[in-house]
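The values are calculated or read from the model by the stated rules, or taken from the named source; none is laboratory data. Keep in mind that this is a model prediction, so the values were computed, not measured. Counting neighbours? That spans all protein chains shown, and the Cβs are built from the backbone with ideal geometry, glycine included. What goes into the accessible areas is simple: the full protein's heavy atoms, side chains included, and nothing from ligands, DNA or RNA. Shrake-Rupley method; radii C 1.70, N 1.55, O 1.52, S 1.80 Å.
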Amino acid sequence: MSVLGQDIRYALRQLNRSRGFAVVAILTLALGIGANTAIFSVIDSILLEPLPFPHQDRLVQIKADDTATSSDYPKGWIREYQRRATTLSSVSAFTLDSEFNITGIGSSARAFGSAVSANLFTTLDVQPALGSFFTSAQEAPGQDQVIVLSNGFWRQQFNADPAIIGRTILLDGVNRQIIGVAPAQIRFPDADTQFWIPIAYKEGNPADIWGGFIYQAVGRLRDDITPAASQAQLRSLHRQMLTLFPWTMPDSWANAAVVTPLLNSVVGDIRPRLLLLSGAVGLVLLIACANVANLMLARAAARQKEISLRSALGADTARLIRQMLTESAVLAALSGLLGVLLAAISLNALKLVLPPDTPRLANLALHRDVFLFAAAVSIFTGILSGLVPALQAGNKDVQGAIRTNAGSVFGTAHRFRISRLLVVGQIALAVVVITAAGVMLRSLYRLANTDPGFQARHAFTAQVSLDRSACTQKNACTGFFENLLKRAQALPGVQSAALVDKLPLTGFDDSFVFDAEGHPRDPRQLAMQGSRRFVSPSYFDLMGIRLLRGRLLNAEDFSGSTRAMVINQTAARQLWPGQDPIGKHIENVADEPAPTQVDLTVASIVVGVVGDTRHQTLDTDSGRETYVPLTPRDEKPVMNILLRSSLPAADLAANLRNVVAQLNPAAPVTKVRTLESVITASTAAPRSLTMLLSAFGALAILVGSIGVYSLISYTVSWRTREIGLRLALGANRLQIAKLVLGQSLTLAVAGSALGIAGAVAATRLMSRFLFETNPLDPLTYTLVPVLFCILALLAAWAPARRAASVDPMIALRNE
C-alpha cells in the first residue's frame, strides 16, 4: 500500500506537469464513460431494476398466443384459471388503462384507471398505504361501486388527505366510494394508472361472464414452479376450458397460452433497442480508450529517457509497468467521476428523447448498480488505455534509448506502428457507429415521408368525453355529438368538421371480428379480423381519403335508417378479389363468435370503397379497415372532433371549449393537438433511436478526429529534423504537405475499409428496426468512407501546414 501510495502521488504530480495532456485525456475518457453510464442507467432502470412487488420473480403474465384474434380473455376464462391451474397460487384479471370522466375533485377531468379482479393486490402481494383493498363481495353488481386510488393521484388531487377514506367521487356518472390508497411505488398495469375499480361478475349471465374479450391475466407461480411448467399446464387445460363457453368456440382460439415473467411483459419490445444503443456506446468507449492509449504512447516516448534511467538505477520491468498502469488508473478514476457527473446531467435529456410511452421511464435514475457499473468501466478503461504504453515502458533497451537522440532522423520508422494501428482501429469503430446511424437516418427519412393516406396539414383534433352513463338514455350521446358537430362547423375560420371514435396513428384501434359474404366457415374456425371506426359523414372529405368506388356515408346513414359500411381497398381486394364489393355484406360476430353463415338481415352493407390509410403505425401496411356511421344504435360517449382550419391551434382550442361548455359544462376537452403532431408522435420510437445513434456517431467522429490529429501532429513534431533534411535536399513545401496529408488519408482509408466490414455485420443485425431501407444502403456505405477521408484531411491540415513551414537550418542545427 505504501508503494501504491507513492505511485499515485507521483502520477498526480506528472499529470499536474502535463496539464494539457491530462485535460484532453480526462475529457476523452469522461465522454466515453459518461455515455456508457447514461445508457446503462436506462437499461438498469427499465430492464434490471426489480418490480416493486415482493418475490416479483414469481409473478407472470398470461396471454393467449393467437395472431388471428385478440390475445385477451373473457373474465370467466381467467376465473377458471384461478380454480383449475395448480401451478399458480393466484390468478387475477385486469384491463389495460381506460379513460374515465371524474368529478367531485373540484372540476371534471379525465383520469386513467383499470378494472381488476378483487384478488389482484393479493396476487401482487402488496398492502394498502391507507384504508383497504377490494374483497370478493365487492365483485357483485351493486356492491362494486368502490374505488382504490393510486398514491400519486391521492397526493395530486386530494393533497394526501388522510381522511379521504369513505369519501365519494363521481366516475363516469357513477358514485364510487374511496376505500383505499395504494403504496407509492405501485404502478400497475401502466405507469399512469391513477385508480382501480373492481370487475363485477353478473352470475347467471353467460354473455357477461364469457363475452367481452378485454381482460388480461397476471398470476403468481407456486414455489419451485417455472413459467414453462405453468405454461404447459395451462395449455393442457385448453380443451376443457372451451367447453365452458355458452356457444361454440373455434378449436384454435387461445390454444397456446404464453406465460412470461411479469418484468419481461412490462418491458415489452424495448430490450432490442436498448441493446443496440449499448453496443453503439460501447464502441464509442473503445474509441476513447484507443485515443487515450495513443496519447499515453506519445507521452511515454517523450519520457523515454526518464524511464530508461529508472531502469538503469534498478527498477525492474514489473515496477515500471505498475507505475504506468497507476498513472492510467488515476486518469480513468478522474474520468469516471466526471463521466458520472455527465451521465447525471444527461438523464433529463434522455427522458425528453425517449418516447413518452417507454416502459418504466419514471424509474430512470442513477441507482446503486449504475455507480458500480461506472466504477467497473473506469477500471476497464484504465487498464485498456494504459496497457500498451505500460508494456512499451517495460522495454529494457536502456543503452539504445539513452543513445538514440530524440531528434534523430534515424530509427523512427517503427516508432509509430502501434499508434497507427490504434488510430486505424478508432476510425474503423467510428465507421461502424456512424454507418449504423446513417442507415437509421435513411430509414427515419423514408418513414417520416411515408404517405399516411390522409391529409394532416391544417387539421386540428381534440377529444370530447361524456360520462359513460350518459349513453344509457336513447340518443343522448349521439344527439350531443350531432349538435357539437354543427356548432363546430359554424365556428369562425373552420372550413370543415368531422367526428371519429379512434384517431389514426395513436395506437388505438377498435378490433372488428367479422364474417364476410362469400366466405363461409366452419363454426370451429376463427372469424376474420380487421379494424372499425365510427365516423361522421364528413370524415372522408376532411381527411382527404379518396373514394375509389361506390359512395361515401351520408346523413341518412348517420340517422340509423341504413346499415351502410365503407371499406378500404385492402379489404375489398382480400375479401372479393376480381368482384364488385358494392352491395356485399359483412357481419359483426363479436357477440356471436361462430355463426354458420352471414345473416343478411343484420349484416352491414358495403356502399363504398376508399383508399388505404395507415391507421396503426406508419411502418405497418394497411389492414382490413371498415368505417361505419355513428348512429343511435351505437352510442359512443367519447369521440374525437377534427377541425380543418388555418387558424392557430390555441384559438381553435379556446373556441371549441366554449362550444362544449355551452352543450355540457361537465364534458372535458382533452388531447388538444394538431393532426401533424399525431403523426410525429407515432414515429417517436424510431426517431429517439436514430437521435441517440446519431449522437453517439457524432461523438465517435469527434474522438476519432482528435485521434488522427494527435497522431499526425505528434508525428510531425517528432520528424521535424527529418522534414528539415528533406527540405535541405530539395523537397518543396507542397511535397511535404502532401506527405503529411497522405499519411492521414492512408489511415482513413485503412480504417474505413475495416469499418465497412464491421458495419456490414452490424447493420444486418439492425434490419428489424429499418423501414423500407436496405441494411447495406449503397448511399450510406458510400458517403461514410468519403466523410472520414475528408475529416482525416481536415484533421491533418494544421500539422501539414506546420510541417511545410519548417525552417531547414533551425531543424538541422543540432543534427
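Here are the numbers:
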{"read-out": "Solvent-accessible surface ranking, highest first, for T260, T683 at 1.4 angstrom", "value": "T260, T683"}
{"read-out": "Per-peptide average of other Cβ atoms within 10 Å, ordering 237-247, 422-432 highest first", "value": "422-432, 237-247"}
{"read-out": "Relative packing of peptides 364-374, 132-142 - highest average C-beta neighbours within 10 Å first", "value": "364-374, 132-142"}
{"read-out": "Sites A376 and I605, calculated FRET efficiency, Cβ-Cβ separation with R0 51 Å, nearest 0.05", "value": "0.15"}
{"read-out": "Proximal lysine pairs, the chain, alpha carbons under 14 Å, eight or more residues apart or interchain", "value": "6"}
{"read-out": "Contour excess over end-to-end distance, with Cα ends at T472 and H519 and 0.36 nm allotted per residue", "value": "13.4 nm"}
{"read-out": "Long-range tail of P(r) for region 485-578 (Cα pairs > 20 Å, %)", "value": "50 percent"}
{"read-out": "Cut-off under 5 Å, modelled amide H: who pairs with R167 long-range", "value": "I178"}
{"read-out": "Contact order relative to length of the chain, as percent, for alpha carbon pairs under 8 angstrom and 6 or more apart", "value": "17 percent"}
{"read-out": "Ranked packing of 342-348, 466-472, most packed first, by mean Cβ within 10 Å", "value": "466-472, 342-348"}
{"read-out": "222 nm mean residue ellipticity, helices alone, for the chain (DSSP H n ≥ 4; -39,500 (n - 2.57); rounded to 500)", "value": "-16000 deg cm²/dmol"}
{"read-out": "For S132, residues with placed amide H under 5 Å, excluding near neighbours", "value": "G180, V181"}
{"read-out": "By accessible area with a 1.4 Å probe, ligands and nucleic acids excluded, highest first: order of R220, R235, R442", "value": "R235, R442, R220"}
{"read-out": "Degrees, to the nearest 10: 733-765 long Cα axis against longest axis of the chain", "value": "30 degrees"}
{"read-out": "Nonlocal amide H pairs with D619, under 5 Å, H built at 1.01 Å", "value": "none"}
{"read-out": "Accessible area in the full protein assembly, largest first, 1.4 Å probe, for D269, D72, D651", "value": "D269, D651, D72"}
{"read-out": "Helix 368-393 axis, angle to the chain major axis (alpha carbon atoms, nearest 10°)", "value": "30 degrees"}
{"read-out": "3J(HN,Hα) from dihedral phi, region 430-446, Karplus parametrisation 6.51/-1.76/1.60, rounded to Hz, x for glycine, proline", "value": "5, 4, 4, 5, 6, 5, 4, 5, x, 5, 5, 4, 4, 5, 5, 4, 5"}
